[in-house]
Amino acid sequence: MTLNDLPDEIIYEIMELVPPSDQAALCGTSQRLHILGVPVLYRVVALSERAPIEAFCATVLSNLPKFAELVRSFEVIAGYRVSSMLDNSPALADTCKALQRIETLALDSFLHNTCWRMQAGTFPHLVSCTLSTVEGGRWASTAHADRIAAFLGRHLALECIWIGNHPNFEVWPAAATRIPMRSLRRLRAPPKFLACIAEARLKEVRMEWSSAFEQVGATFTTLRELAADGVPFTCAVECWAEQVEEIADAVSKHMPQTRTLHMVLQTLQQLRDIMPCLARCLPSLTDLTFLSLVNVMPDHRTLFSSNVQAFQTKALVEVCPTLQACRFNNAAWRKVGGDVGGISRE
Amino acid sequence: MVLLVTSDNEQFQTEKDIVERSVLIKNMLEDVGESDQPIPLPNVSSSVLKKVTQPSTGPTEIDVRGRYLSTASTTVESPSRPPILEQSQDETRKRTTDISEWDQKFITVDQEMLFEIILAANYLDIKSLLCRRWLQDGSQHDQGARPPEEIRKLFNIVNDFTPEEEAQIKKENEWAEDR
């Protein structure tokens, strides 16, 4: 018995398990493996280096629509250097636009021009997408906001949107009317963006407060309106230094159904200061199960000893009986039995 | 204990929790209920069943297998785990490496047996990493990407491409070569 004696479905399963380089090699061995393997090889494409990205674009664009229609997920996370080399050529955006069966599209936030060009496209099956708010090296303009609004208007079935964060998001409320995104469940966006959508039933939101000018109260009022009823909610916020307490208060006031709360803090002092504030806010969060507090700077993450963390976890569990686990930077604590057990992982 | 009968008419007394890793047998047991009747496995030979149900003999291997089984249950539970606890994901990854080391030791069977086992695992519906990783590890011993010629040699695959087709396919899929 050899590999060739295995039935198609097992070959197919094996193809799905091996890494892409082996998928490509298996596709190159025989006609049968090529027929079975190519749909697997092209289904999920995630690239990060310049040469493979350019080779992929060349293959897709010179064989339209043969390979393009096999792709269901396309991800290019290349970092600043590679992105800026790729971004002046239209090839990558043209490739994206050719992927008409795509469900997930993720582009590096440094691929500004590519995102801008891609946003002219229409993808009938798209459920998850990243968008950039930067256009041609300039910060968001009204024209860009209109283009994103038009893109969203053509993709009302989107369930997950990730908008690259940008401090200058001022144009939004003026440019966009509220778009009815009824399918939207997950949103990662600047807080101001919330005002652009309507009718969503969010179960997860990730907001980065990049400037103290963002209005906390108004944002959370909108969020409450957009959040799904009766669904465990995940709320992740990256807090501007002065607004930590205001944000924590707003979560407890407007989003009491929050199940997972993840706060990213900018200064050392915040992690200390936030404790009394959490002790005040947590009792209102009737479903809170997981709490995570993380400093944005990696070297700030070793501040507290595990004793202090255990003590703090205990204090928080006392005021919030539903809480099951706490994460402080690099350590996590979880409740064992009725008590706070010492399970910490580095 | 459950009594299994293989295609070559050998009988096996096997622990219930081990045979229940097979979804096929688990469903059978649920349908039939507790009984002393042997379960026939017409598509599985005794040598293969031994490999599938009793993979470990030495004490160290049992230890590793215990970890393997616990990982399997962790995977089932993972959706309810907190998404914010990134450490636990690292932990899972670490354990996955353990499995692969164990699998590698375990898959030192000849290729004939390897494919028999894969077929049996598929028939028995054992949805574990174990069975499905065999081929992966078999083709990936030195981590580096293998060219098609080497995979052909390894798995005895006949090249039925014309040279032009082969060159064309190599060019088309070039983007995936180093990933």
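Read-outs throughout are calculated quantities, based only on the coordinates presented, and are distinct from any laboratory measurement. Since the model is a prediction, treat every value here as computed from it, not as a measurement. Neighbour counts are summed over all protein chains in view; Cβ atoms, including those assigned to glycine, are modelled from backbone coordinates with ideal geometry.
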| Pairwise FRET efficiency - A:SER89 versus A:ALA150, Cβ, R0 = 25 Å, nearest 0.05 | 0.55
| request: Taking 7 Å along the Cα-to-C-beta vector as the label spot, tell me the B:ASN159-B:ASP178 distance in nanometres, rounded to one decimal. | output: 2.4 nm
| message | Output needed for chain A: three equivalent-ellipsoid semi-axes, defined as square roots of 5 times the C-alpha gyration tensor eigenvalues, in descending order, whole Å. | response | 40, 27, 19
| In nanometres, what is the gap between the two model label sites at A:ALA143 and A:SER62, each 7 Å from Cα along Cα-to-Cβ? | 3.4 nm
| message | What does the charge count around A:CYS326 come to, taking other residues whose C-beta lies under 11 Å from its C-beta (Lys +1, Arg +1, Asp -1, Glu -1)? | response | +4
| note | With only helices counted (DSSP H, runs n ≥ 4, each -39500 (n - 2.57)), the per-residue ellipticity at 222 nm for chain A, to the nearest 500, works out to -11500 deg cm²/dmol
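Where does the charge balance sit around A:THR104 when Lys and Arg score +1, Asp and Glu -1, over other residues with C-beta under 9 Å from its C-beta? Please list the in-between numbers first.
Working: positive: A:ARG72; negative: A:GLU75, A:GLU103.
Neighbourhood net charge equals -1.
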| request: For A:ASN4 and A:GLU49, calculate 0.36 nm times their separation in residues minus their Cα-Cα distance, and state this gained length in nm to one decimal. | output: 12.9 nm
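Past 24 Å, Cα to Cα: identify those pairs from B:LYS50/B:LYS153; A:LYS203/A:LYS314; A:LYS335/B:LYS16; A:LYS335/B:LYS26; B:LYS16/B:LYS51, in the order given. Walk me through the intermediate numbers first.
Working: B:LYS50/B:LYS153 28 Å; A:LYS203/A:LYS314 28 Å; A:LYS335/B:LYS16 33 Å; A:LYS335/B:LYS26 34 Å; B:LYS16/B:LYS51 16 Å.
Flagged as over cut-off: B:LYS50/B:LYS153; A:LYS203/A:LYS314; A:LYS335/B:LYS16; A:LYS335/B:LYS26.
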| request: Give, as a single signed number, the net charge of other residues whose beta carbon lies under 12 Å from the beta carbon of A:GLU225, with Lys and Arg counted +1 and Asp and Glu -1. | output: +1
| query | Say each of A:LYS253 and A:ASN330 gets a label point 7 Å from the Cα, pointing the same way as Cα to Cβ; how far apart are those two points in nm? | reply | 3.8 nm
